[in-house]
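Okay, so here's the structure we're looking at.
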Amino acid sequence: MSYGWRGVVGMVSPTYRVGGLERFIRMLPEGIGVIPLYGGAIRSGTEAELRRALEVAEEKVALLAELNADVITVDGAPPVMLAGYRGSMEVVERLQTKYGKPVSTAPISQIEAFQDLGVKRLAGITYFPNELNRKFAQYFVEAGYEVAAMEGYPTAFTDAGKIPAGEIYAFAKKVFREAGGADCVYMMGGGWDPQPIVAMLEGDLGVPVVAALPAKMRAVLKRLKVQHTYQGYGRLLELS
C-alpha cells in the first residue's frame, strides 16, 4: 500500500526546533503522510523575526501546493497573530484561492477549538515577553473572545523546549486562578511540550485546555475528512 493513502499534510514550520514534527507524526492516524518544510525565519523570537516569518511561509505554501499536499498547515501562532485577526483571515483566504488547497494556521486551528469547546473567555500562557503577549491577546479580542489573561513564562525563546511539564502546569494554574477563572486554559506555542499535563490540568481546574498540537491535529483531520478520536490528549481530541 502506498504512503499517504488517506491524505498528505503539508506542514510549514517557522523554526528549526526539534520535537514538534516528531510529536505530530506520532499522533497521526495510519495512512496519513507528511511533507514538512522549514521556513527557519524565527531564531530568537524577536518581533521583527515573527513578522518576517509570515512572508517566508507563503513561499513554502506555494511549494507544498505544487507538491500536491491535500491540506497545508502553517505552524507558529505569533507571526499570524501580529497580522491582526482580520488581516490573518485575509491572508488565508488569499492563499487558498491562489493555490487551491485548504490552508490552516495555528491561530485558526485554535479558534476552531474554542468554537468546538464553547469557549468565550480564555486564560492564556506563552513563553513570550508580555509586550508581545498584549498583541496576542488583542488578536483574540478582535476575534470576539474575552481574554482574562495572557502571561509569559519567564524564559529565553530558545529554552522553551527545556521547561519541565510540571512547571508549565504550575504556571498555568497560577495564571488561571489569578485571572478569576475562564472557560479554558490556552497554551500558545509549539516550542514547549505541555501534553503530559493537559489531561491532569483539565481535571484539576475543571475546564478544557487548548494547546497547539491537539488543535492542529483536529484541524488537519477535519480538513482531510478523517475520523479519529484520542484518549489522554485532552478534551478537544475526545470530541466526535
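We did not get these values from a lab; they are worked out from the coordinates using the rules stated. Note that the coordinates shown come from a computational prediction; the quantities given were computed from them, not determined experimentally. Glycine gets a Cβ as well: all are built from the backbone with ideal geometry, and neighbour counts include every protein chain shown.
Being of a type in the set (S, T, N, Q), closer than 22 Å to Leu213 by Cα and outside any helix (DSSP H, G or I) is a property that Ser44 has. Among the residues of segment 87-123, those that are among the basic types (Lys, Arg) and in contact with an Asp or Glu (Cβ under 7 Å, 6 or more places away or on another chain) comprise Lys120, Arg121. Taken as a whole, segment 75-96 holds at least one residue that is over 15 Å from the mean Cα position of the chain (by Cα), more than 20 Å from Phe24 (Cβ to Cβ), assigned to a helix (DSSP H, G or I) and of a type in the set (S, T, N, Q).
Within segment 136-153, the residues that satisfy the criterion of being under 19 Å from Gln115 (Cβ atoms) and among the small types (Gly, Ala, Ser) are Ala137, Ala143, Gly144, Ala148.
Scanning segment 205-235 for residues that are within 13 Å of the chain's Cα centre (by Cα) and either not β-branched (Val, Ile, Thr) or not in a helix (DSSP H, G or I) (or both) yields Val209, Val210, Ala211, Ala212, Leu213, Pro214, Ala215, Lys216, Met217, Arg218, Ala219. Condition first: more than 17 Å from Phe136 (Cα to Cα) and surrounded by 15 or more Cβ atoms within 10 Å (Cβ to Cβ). Can you find one or more residues in segment 43-57 that meet it? Within segment 43-57, one or more residues are more than 17 Å from Phe136 (Cα to Cα) and surrounded by 15 or more Cβ atoms within 10 Å (Cβ to Cβ). Screening Glu202 with (1) free of Cβ contacts under 8 Å to residues at least 24 places away in the same chain; (2) part of a helix (DSSP H, G or I) gives one miss only, at (1). (1) in a helix (DSSP H, G or I); (2) hydrophobic (A, V, I, L, M, F, W, C); (3) touching a residue at least 40 places away in the same chain (Cβ under 8 Å): which one isn't true of Val12, the others all being true? Result: Val12 fails condition (1) only.
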